[in-house]
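Each remark here refers to the structure printed beneath this line.
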Ligand code: TYM
């Protein structure tokens with residue numbers, strides 16, 4: 001592979017079952033991009049340990065993310081899927097970036113500010129330098145495209161800044177990568193508070209849909225999704241965040257535009273609209289769940305990670 005061949009890199013943290021936001025913002029695009037590019041998809045366990053983890057649970061979450069990638073359609077025979085900590089180049093290059101990055105840059109990261117909150121003095125150093133490790137993940141593979149949801153865009157900007165600063169100081173070394181974002185689905189919102197992003201750390205389980213949720217539960221979660229009292233279906237994120245979020249989810253699942261969805265639903269009641277959206281989510285999740293449950297029992301999952309590690313090492317090293 002030549003230095004300038006286009007390559008996709010992305011990662012997902014093994015911190016529990018993935019949700020619909022992870023699927024629509026990232027994993028669904030991993031699958032679409034594999035028809036066009038060489039892709040490297042990483043289960044980023046070193047990112048997960050920036051907060052305390054139970055080792056046994058972390059191990060099973062790593063296999064869960066791997067099985068979810070494959071169940072969603074990532075072709076492990078053609079693409080590389082591996083576990084971050086099995087390739088030392090990530091942490092080696094992250095140290096170099098710890099020395100290139102600026103504390104001011106890291107202090108501006110909104111995800112760090114959100115996660116650290118008022119507890120800034122007490123969180124791990126890893127949580128603060130996390131974006132440097134993310135930059136190492138991407139730049140070690142000379143990736144050109146990075147499929148991520150909206151919440152990772154700022155980290156990608158920092159990755160680009162690091163590549164540019166390094167190249168300016170030490171000579172042309174790294175490719176400056178671009179974010180790849182879906183037209184719809186880069187920011188799926190909470191079902192209970194659609195002004196916030198869907199996030200499984202929320203205490204309200206009705207606010208998110210997990211890829212492995214019971215399908216009746218999925219329908220109930222959509223039924224109870226917060227909307228508004230206007231009883232008219234159109235897209236307006238500011239004034240109708242709940243309806244707009246459901247339209248976004250529906251358009252992303254059906255690979256169509258929000259405008260097309262609005263014209264389809266415009267004369268429906270909220271109740272019927274929600275039933276249709278729920279049916280579309282169930283239709284997307286059902287085959288993923290069936291494949292997942294068959295895969296997760298398969299002892300050869302470890303061998304997939306071993307093969308991925310060997311292939312990833314050759315590029316990153
Ligand atoms: P993580 O594990 O939090 O999320 C995985 C992917 O899911 C996207 N995502 C969303 N997309 C739309 N709507 C949402 N509500 C939503 N929530 C999450 C994320 O944007 C992400 O694309 N730091 C990264 C992992 C990472 C990485 C990398 C990504 C580490 N190294 C290198 C790309 C390249 C993270 O914590 O994602």
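The values are calculated or read from the model by the stated rules, or taken from the named source; none is laboratory data. Keep in mind it's a predicted model, so treat the numbers as computed, not measured. Ideal geometry is used to build each Cβ from the backbone, glycine not excepted, and the neighbour counts take in all protein chains shown.
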- Task: Inspect all residues belonging to segment 16-38 and state whether any of them is within 22 Å of residue 202 (Cα to Cα) and at pLDDT below 95.
- Result: yes
- Item | Residues of segment 160-172 satisfying the condition of being over 15 Å from residue 129 (Cα atoms) and either in contact with a strand residue (DSSP E or B) (Cβ under 7 Å, 6 or more places away or on another chain) or surrounded by 12 or more Cβ atoms within 10 Å (Cβ to Cβ) (or both) | 160, 163, 164, 165, 166, 167
- Identify, by number, the condition in (1) surrounded by fewer than 22 Cβ atoms within 10 Å (Cβ to Cβ); (2) in contact with a strand residue (DSSP E or B) (Cβ under 6 Å, 6 or more places away or on another chain) that residue 55 doesn't meet. (2)
- Message: Against the definition (under 15 Å from the mean Cα position of the chain (by Cα) and closer than 22 Å to residue 29 by Cα), how does residue 187 come out, yes or no?
- Response: yes
- Among residues of segment 114-143 being assigned to a helix (DSSP H, G or I) and out of contact with any helix residue (DSSP H, G or I) (no Cβ under 9 Å at 6 or more places or on another chain), the residue nearest to the ligand (Cβ to nearest atom) is 114
- Item | Any strands (runs of 3 or more DSSP E) falling wholly within segment 1-113 and containing at least 1 residues that are away from the ligand (no atom under 14 Å from the Cβ) | 38-43
- Identify all residues within segment 144-159 that are crowded, with 19+ Cβ neighbours inside 10 Å and assigned to a helix (DSSP H, G or I); write none if there are none. 152, 155, 156, 158, 159
- Task: Sort out for me the helices (runs of 4 or more DSSP H) sitting completely within segment 200-317 that have 1 or more residues that are in contact with a strand residue (DSSP E or B) (Cβ under 6 Å, 6 or more places away or on another chain).
- Result: 241-253, 301-316
- Within segment 144-159, how many residues are within 6 Å of the ligand (Cβ to nearest atom) and either at pLDDT below 95 or under 19 Å from residue 5 (Cβ atoms) (or both)? 1
